[in-house]
Amino acid sequence: MQPLSRRKFLATGAAAAGSAVVLRSSRAALAGQAVTPQLSQFEYADVQLLDGPMLEQFRANHAFFLALDDDKLLKPFRQKAGLPAPGEDMGGWYSFSPAFDPPKDLTGYIPGHTFGQYVSGLARAYAVTGSKPTQEKVQRLVRGFAATITEKFYVGYPLPAYTFDKTNCGLIDAHQFAQDPQALAVLNHATDAVLPFLPEKALTRAEQNARPHPNVSFTWDETYTLPENFYLAYKRGAGPRYQKLAERFLQDKDYFDPLAEGKNVLPGQHAYSHVNALCSAFQCYLATGSETHLRAARNGFDFVQTTQSFATGGWGPDETFRAPGSGEMGQSLEKTHSSFETPCGAYGHFKIARYLMSVSGDSRYGDSMEAVLYNTILGAKPLLEDGSSFYYSDYNNSASKFYHQDKWPCCSGTFPQITADYGISSYFRGPRGVYVNLYVPSKLTWQQSGARATLTQKTNYPYLPQTNLELQLDRPAEFAVALRIPAWAGSKTRVAVNGKQAEGEAKPGAFFPIARAWKNGDRIEVEFDMPTRLEAIDPQHPNTVALMHGPMSLFAVGELTGNLSRAALLNPQQTSIGSSDWHVNSDSGIIRMTSFASIQNERYRLYHEVA
Ligand SMILES: [Zn+2]
């Protein structure tokens, strides 16, 4: 991924804040005006994926959760409420269990924790598809949950904020996307139940450690992620107390203030929850105009990209951010198989990247999304009925794909959310037209200057370095179609409109707007100059490199014998046009290289030692 100059980044933030940047305590700045970003998201229904691996993954998750038994999902809540609780235990993290013995055995860890995310995933899937049974299921689950709400649920519960944050998300999504008439009232009731169990402010792990705790799991709560969904609850009409609650849990002193000042305070922190917390800073910016919080979100994301990321776009080995200059990213290739927490990490990454793109219009956020898409989440193994979940991408030098040891972990909750978000991550709406962010088979429908417009994208990207877009318009209209030209793109990248080269320069690392009077049947064709390059794991291991082709990491698959040279790696041969396989020559034979999504049960390797 193109490393962004941090100087340029920080300069942008400082310029936005005005020349005399005085970093006050950010809390003092929260009285400002709400902000409307220059780019907005489309509605879920506006973007339909067409046949391809993304649609397959979305459909599989949608069907999986639509079929999951209501009684099983509601069981932990009914048990705590003393209500009849029919149905089997789901097991794993989701059900109460006497086996719970942290950190050794996480069976029974946080019962009901992902309920809200499953409801959220279904609500978003309803918004995409209009499936009535899905809407009915969402509303049934909300009604079922409403009957169980009691403070008793959180007595002796190790992570009340963590679970409530997801419950909150599920309920506001049920309201917003599945038109559940009761969801906000249920949220208010659920909020009353959890408040006695929340601390007075967001706590770091060190602060939680310093307080009395029955066992170590009580020090793992993630109160600092609460503000995002509190701000959204406020925005969606849940009531004024949600804005106050959001402000109460902003982790300014320990996290956002130093990030806003350009201090990299990520090392040592839990990875996913601290990326997710950047979304809280961002929502604070939207709600109040606080530039400090925008800078915190931008700088935090920048630090993740430039100091914590693998070539795939994934980050945080063993779920922990590392000190730049420590060489620990490189060391992780020998030490761990828990390289990137994939569904959660990809979900959080997409979310903050969408947010930051919406205010900046900066295409590099889209570049990072496509890397995470092709190199991580699109290769996740499907959920299994027993709760087996894909959790970690493995970048160990002896790597394989595997399900997590615990059933129904966090990643089973974010997986249906990110796949439902694939459509809204693919296009954005700008003041002058539409932005094409991802090159994926899809169809966008919207109103443009009074015309009904449809943009149909057909592509086998990134296996074929091209995409074709066609417009259907019920009458001609003037607007811009802005194409993301990835920073990695070579100088031979070409954009054509109706077979003729488009005017202007398609500069890598920027959106390329094509503004004209469009008419029905107009076509845009993009040919990407998709170069091959090597990326070192970290500056301390300059000869430990991954092979990149365009947005894709290519993984060596099968038995690896012999040595690879830089020159050999830089000359991979695609086995046939449009194939997901390439070959490179080692000094003792041919090595198959392939995309993460194409790996099944083979051993594989991402990084290679080259002389
Ligand atoms: Zn997870």
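The values are calculated or read from the model by the stated rules, or taken from the named source; none is laboratory data. Given the structure is predicted, the values throughout are model-derived calculations rather than measurements. For neighbour counting, all protein chains shown are included, and Cβ atoms are generated from backbone atoms with ideal geometry for every residue, glycine included. Just the protein is used for accessible areas: all its heavy atoms, side chains included, with ligands, DNA and RNA removed. Shrake-Rupley method; radii C 1.70, N 1.55, O 1.52, S 1.80 Å.
Quotient of the Cα radius of gyration of the stretch 142-194 and 2.2 N^0.38 Å, N being its number of residues: 1.09.
Note on exposure: Glu88, Glu328, Glu247 ranked by accessible area (1.4 Å probe, complete protein assembly) read Glu88, Glu328, Glu247, with the most exposed listed first.
Solvent-accessible surface (1.4 Å probe) assigned to Ser398 amounts to roughly 50 Å². Here the mean projected area of the convex hull built on the C-alpha positions of the stretch 165-307 is 8.9 nm².
Per-residue accessible area (protein heavy atoms, 1.4 Å probe) orders Arg78, Arg298, Arg516, Arg452 as Arg452, Arg516, Arg78, Arg298, starting from the largest. State the percentage of accessible surface on the stretch 323-368 attributable to carbon and sulfur atoms; use a 1.4 Å probe and exclude ligands, DNA and RNA. Within the stretch 323-368, the accessible surface is 45 percent carbon and sulfur.
Inverting the mean 1/r over all pairs of different Cα atoms, compute the Kirkwood radius of the stretch 92-185 and quote it in Å. Kirkwood hydrodynamic radius for the stretch 92-185: 13.9 Å. Would you work out which of Tyr285, Gln269, Asn215 lies farthest towards the positive end of the dipole of the chain, given +1 charges on the beta-carbon of Lys and Arg and -1 on that of Asp and Glu, about the Cα centre? Farthest towards the positive pole: Tyr285.
Charging the Cβ of each Asp and Glu at -1 and of each Lys and Arg at +1, and nothing else, the dipole of the chain about its Cα centre rounds to 1320 debye. Just round it to a whole percent: the fraction of Cα-Cα distances in the stretch 262-345 exceeding 22 Å. Everything past 22 Å amounts to 25 percent.
Straight Cα distances below 20 angstrom link Lys500 to the lysines Lys458, Lys492, Lys519, with same-chain residues fewer than 8 positions distant left out. In the stretch 533-574, the portion of solvent-accessible area held by carbon and sulfur atoms comes to 50 percent [1.4 Å probe, whole percent, DNA, RNA and ligands not counted]. Dividing the radius of gyration of the alpha carbons in the chain by their Kirkwood radius gives 0.95 for Rg/Rh. Relative protection proxy for 217-224, 558-565, from highest mean packing down: 217-224, 558-565 (other beta-carbon atoms within 10 angstrom). For the stretch 25-130, what number results from the quotient of the Cα radius of gyration and 2.2 N^0.38 Å? The stretch 25-130 yields a ratio of 1.52. Take the chain with all the other protein chains still there, run a 1.4 Å probe, and you get 37 Å² of accessible area per residue. Rounded to the nearest 20, the size of the Cβ-charge dipole of the stretch 218-329 about its Cα centre is 440 debye, with Lys and Arg at +1 and Asp and Glu at -1.
Convex hull over the Cα atoms of the stretch 476-601, averaged projected area in nm²? Over all viewing directions, the stretch 476-601 projects a mean Cα-hull area of 10.4 nm².
Quick one: putting +1 on the C-beta of Lys and Arg, -1 on the C-beta of Asp and Glu, what dipole do you get for the stretch 131-281 around its Cα centre, in Debye to the nearest 20?
Working: 16 positive and 16 negative charges, 84 e Å.
The calculated dipole for the stretch 131-281 is roughly 400 debye.
With the gyration tensor restricted to C-alpha atoms of the stretch 142-248, the semi-axes of the equivalent ellipsoid amount to 25, 15, 10 Å, longest first. The largest-to-smallest principal axis extents of the Cα set in the stretch 373-488 are 56, 29, 21 Å.
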